[in-house]
1. How many residues does the stretch 235-266 hold that are basic (Lys, Arg) and assigned to a helix (DSSP H, G or I)?
2. With the requirement that a residue be part of a helix (DSSP H, G or I), more than 15 Å from residue 147 (Cα to Cα) and among the hydroxyl-bearing types (Ser, Thr, Tyr), what does the stretch 78-125 give you?
3. Any residue in the stretch 26-39 that's over 24 Å from residue 97 (Cβ atoms) and assigned to a helix (DSSP H, G or I): show its pairings with residues that are among the aromatic types (Phe, Trp, Tyr) and open to solvent by less than 70 Å² (accessible area, probe 1.4 Å) at Cβ separation under 9 Å, as long as the two are six or more apart or on different chains.
4. When the stretch 134-164 is examined, which residues are found to be in contact with an Asp or Glu (Cβ under 9 Å, 6 or more places away or on another chain) and part of a loop (DSSP other than H, G, I, E, B)?
5. Scan the stretch 247-275 for residues that are farther than 19 Å from residue 327 by Cβ and either buried (at least 22 other Cβ atoms within 10 Å of the Cβ) or of a type in the set (A, V, I, L, M) (or both) and jot them down.
6. Being touching an Asp or Glu at 6+ places or on another chain (Cβ under 9 Å), of a type outside the set (Phe, Trp, Tyr) and in a helix (DSSP H, G or I) is the filter; apply it to the stretch 170-210 and report the residue that is farthest from residue 268 (Cα to Cα).
7. Name the single residue, out of those in the stretch 310-340 being open to solvent by 40 Å² or more (accessible area, probe 1.4 Å), in contact (Cβ under 8 Å) with a residue 40 or more places away in the chain and not hydrophobic (A, V, I, L, M, F, W, C), that is nearest to residue 10 (Cα to Cα).
8. Give the stretch 1-25 a look and list any residue that's among the hydrophobic types (A, V, I, L, M, F, W, C) and in a loop (DSSP other than H, G, I, E, B), or say none.
Amino acid sequence: MEYLAGIILAVVGVGLNQRFSPASRRMFVMIILLYIVMLMGLRYRVGMDTLGYMSSYKNTVPLDNFFTTKIFREHHEPGYLLVCSLCRLFTKEFWPVQLIMSAITNSCIFIFLYRNCRNVFMGIFLFLILQWLYFSTEIMRESAAIGIFLVNYRNMREKRWIRYYLFSLLSISFHYSAILIWFLPFVKYLRPNIFFYIFCVGILAVTPLVEKFNEMLSLGVVSEKISTYVKDVDNVNMNWRISEMIKTGIPAMLTLILYHFSRLRTPFRHLILLQIIFCCGAFAIPVIFQRFTNYTTLFVTAALANYLVNYHVKVPLRLTVIGLICLTQSIYYYSLFPTWYPYVSIFEPVTIHEREALFRRIWK
């Protein structure tokens, strides 16, 4: 019920959006934001990655030694380590870190949705279904980097390049994968033409060759890191790849198809196309490309939200699309059900043995 409350509030907002004044709309958005930030910030041992973060928290570098330590050689990025060091000044409990990271991620995402969705509550509703739990409990560092990038997206759209690239350093300070955003301005040339489809098919076709190709690389540390990722592919069977394509690829492809046949336009088309490319790449190197999709998935969410509130779209079609989107996430939620349910708060800290056993099995 804890998770459903935020979704119910978003649905109420969708229905009342036209009746809200700008001030009351912002207030209701803030109420939803505050609820989900507090819910995620005050959770207790919910999420597989969260359990890993909690285990490493005890090794946090003291703030006094933060700038004298070789922080760039630490396992985690300096932005996240600084948050941990600040929290360790006051408490050894991990929940303040969760609260700060949840506030950064969700606040930034809400700002992006508020700026780019015709009905912000539809965007929030889709976000809560498609990305919220994963972003808040699993990829805490990367989701903060993504949230900051989404706020920074306005600089990219308005071609304020100095601001964009300077602000991107803040994203990178939370997760090094955010280096990807340096190259996103160049994807504006992507088009859904024959070359795009050939490229996607080509990525899928070379999947069996990727590991051999990686063995030919001689890039030092980078090669070693890529090799680690590619070895993980052996542990990722075809069922996982198909389910990942259903979860992240189908919403993007469905959004593209809907806009095409409805003869509508979205400013995010090139980023949706990039999402599809990343989904195809996930067949070849799942760990790498599956993480890349995290940076483009919110653009699919915003575009889909805008489509669903377009007055040209009939209500039966809207409901059908929402149903299909929910179905694309069903396998994912079923497989990770023990990870997030039941919800446990720091006020009643109960250890869920099934969750702990799953963590030990995954992180052994």
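1. Within the stretch 235-266, the first condition is being basic (Lys, Arg), and the residues that meet it are 241, 247, 263, 265.
Remaining after also requiring assigned to a helix (DSSP H, G or I): 241, 247.
Total satisfying the criteria: 2.
2. 85, the sole residue that qualifies.
3. Taking only residues 6 or more apart or on different chains, the pairs are 26/20; 27/20; 28/20; 28/121; 29/110; 29/121.
4. 138, 139, listed by residue number.
5. Of the residues in the stretch 247-275, the ones farther than 19 Å from residue 327 by Cβ are 259-274.
Answer for the stretch 247-275, where residues must be farther than 19 Å from residue 327 by Cβ and either buried (at least 22 other Cβ atoms within 10 Å of the Cβ) or of a type in the set (A, V, I, L, M) (or both): 264, 268, 271, 272, 273, 274.
6. So in the stretch 170-210, the residues touching an Asp or Glu at 6+ places or on another chain (Cβ under 9 Å) come out as 172-178.
Narrowing further to those that are of a type outside the set (Phe, Trp, Tyr): 172-173, 175, 177-178.
Now restrict to residues that are in a helix (DSSP H, G or I): 172-173, 177-178.
Working: 172: 23, 173: 26, 177: 21, 178: 19 Å.
Applying the filter and picking the extreme gives 173.
7. 312
8. At the first step, the residues of the stretch 1-25 found to be among the hydrophobic types (A, V, I, L, M, F, W, C) are 1, 4-5, 7-12, 14, 16, 20, 23.
If the condition is that a residue be among the hydrophobic types (A, V, I, L, M, F, W, C) and in a loop (DSSP other than H, G, I, E, B), then 1, 20 are the ones that fit.
The values are calculated or read from the model by the stated rules, or taken from the named source; none is laboratory data. Small disclaimer: the values here were computed from a predicted structure and weren't measured. Virtual Cβ from ideal backbone geometry, glycine too; neighbours counted across all protein chains shown. Quick note on the areas: whole protein, heavy atoms, side chains included, nothing else; ligands and nucleic acids left out. Shrake-Rupley method; radii C 1.70, N 1.55, O 1.52, S 1.80 Å.
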